[in-house]
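Read-outs: derived from the displayed coordinates by stated rules, not from any lab. All values derive from a computational prediction rather than experimental measurement. Reconstructed Cβ throughout: ideal geometry from the backbone, glycine too, with neighbour counts over all protein chains shown.
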Amino acid sequence: MAKKIRVGILFGGKSAEHEVSIQSAKNVYTALDKEKYEPVLIGIDRQGAWYIQESSIFSLKAYTDEVKKIPHKKSELSLTPGSTESHLIASGVQSLGNLDVIFPVLHGTYGEDGSMQGLLKVMGIPYVGASVLGSAVGMDKDVMKKLLKVEGLPIVKHMVIHDSEKSAITYEMVAEVLGDVFFIKPANMGSSVGVSKIKNIKEFDNALSFAFQFDRKVLIEEYIPCEEIECSVLGNDVPVASLPGRIISKHEFYSYEAKYIDENGAKLEIPANLPEQLIKTIQELSVHAFKALYCEGMARVDFFLDKNTNELYVNEINTIPGFTKISMYPQLWEATGMSYSELIDRLIELAIERFEKEKMLRTTRE
């Protein structure tokens, strides 16, 4: 019998998307073929400490006090970068052996922004998803949009405010550039955390302060009446796109509550009922954006489809898209013909494939 592949599933973390990460990890764990893989569950608490977890953590209710902290039932883990014997040590003594690959199911800062990818690269272990560069670029909406613009991809009008400039910015100044209605969002955050839709001057100051609680840089973006379209991308050197899906939000916009808390907050149309040529255009733009932002493995590309002009705009890319039971990324691949388990298989294959290619690169002049 072939030896099982040890897969470390990383979840939790210091991000504001801690609870979402746990729900995503639950579905990755469930979809993992236990005949082929040996899952090692690693929960990261809100302070950044790592702990081995039991699968029972996934029975906890997602948005209650039960998951405010990762359970500390076992010893805290320490890491041994570059080790050929053990990547993980419990309490500095007990070896927990090597991992063949890590699947980081970490959303937002400290997990999706390149910091975790850098740590895993230093550890010398394959990991699923984008590289350090692709992760960092994909997380920072400011840098992301600059690269998309350079590549000629369509984006909506926006402006970026740094914390040193926030006291000088007024609603009138923004409205003159972007119109009376616009969005304020942290530049480095996901799942619509910290996002506000501004419709008048009274809402401006509080929304700006709220966004700056999550980042030192804030994106202010024009509002267009639109439908939200999403498309999944998979691959390394030759990425492919899934069929697109459509989000019909029942809230003011596709907020955190609409995504994860309100069961009736949004309706997902999978696949989206769109003209064939538009589907092809979305897929082409998705692959173009994926390559332009130096992504690998997986990503979900989000679009705005203007209801009035039918113009398509790239909103953003997510390099660790959600894997919850209502998440678009795996559902779009299922609609395209790839099961959840097959998708997990392919993502792990891509991680190992990239790692093996990078091992062939020279690190010395001799």
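Of Ser78, Trp333, Ile44, which is farthest along the charge dipole of the chain in the positive direction, counting Lys and Arg as +1 and Asp and Glu as -1 at C-beta?
Projecting each Cα onto the dipole axis, the largest value belongs to Ser78.
Per-residue ellipticity at 222 nm for the chain, helices alone: DSSP H runs ≥ 4 residues times -39500 (n - 2.57), over residue total, nearest 500 deg cm²/dmol?
Helix-only estimate at 222 nm: -8500 deg cm²/dmol.
Select one label from (1) 63, 41, 37; (2) 69, 41, 38; (3) 63, 52, 44: the one whose number is Cα extents along the principal axes in Å as derived from the coordinates shown.
Working out Cα extents along the principal axes in Å from the coordinates points to (3).
At a 10 Å Cβ-Cβ cut-off, how would you order Tyr313, Tyr340, fewest neighbours first?
Ranked by crowding around the Cβ, least crowded first: Tyr340, Tyr313.
Return the single residue from Ser196, Ser86, Ser232 with maximal mean-square fluctuation; model: Gaussian network over the chain, springs between Cα atoms under 10 Å.
Ranking Ser196, Ser86, Ser232 by mean-square fluctuation puts Ser86 first.
Whole-Å semi-axes of region 158-222's equivalent ellipsoid, largest first, each the root of 5 times a Cα gyration tensor eigenvalue?
16, 13, 10
Provide the percentage of antiparallel DSSP beta bridges, counting only those with both residues in region 5-127; round to the nearest 5.
Percent antiparallel among DSSP bridges in region 5-127 is about 40.
Which peptide among 212-218, 181-187, 318-324 comes first, and what is the full order, when sorted by highest mean count of other Cβ atoms within 10 Å?
318-324, 181-187, 212-218
How about region 321-366: which trypsin sites (Lys or Arg not before Pro) there lie in a loop by DSSP and see at most 10 other Cβ atoms within 10 Å?
Of the trypsin sites (Lys or Arg not before Pro), the ones in loops of region 321-366 whose Cβ has at most 10 other Cβ atoms within 10 Å are Arg362, Arg365.
Taking Cα atoms, how many degrees apart are the long axis of helix 340-359 and the longest axis of the chain, rounded to 10 and kept between 0 and 90?
It is inclined by approximately 70 degrees.
Can you give the Rg to Rh ratio of region 312-360, both from alpha-carbon atoms, with Rh computed by the Kirkwood formula?
When Rh is taken as the Kirkwood radius, the ratio is 1.07.
Only bridges with both residues in the chain count here: give the DSSP antiparallel percent, nearest 5.
Rounded to the nearest five, the antiparallel share is 80 percent.
In debye, nearest 20: dipole of the chain around its Cα centre with unit charges on the Cβ of K, R (+) and D, E (-)?
740
Can you find, among Val150, Ser196, Val122, the residue sitting farthest towards the positive end of the charge dipole of the chain, where Lys and Arg contribute +1 and Asp and Glu -1 at Cβ?
Selected residue: Val122.
Nearest 20 debye, what's the magnitude of the dipole of region 77-172 about its Cα centre given +1 on Lys and Arg Cβ and -1 on Asp and Glu Cβ?
That gives a dipole near 220 debye.
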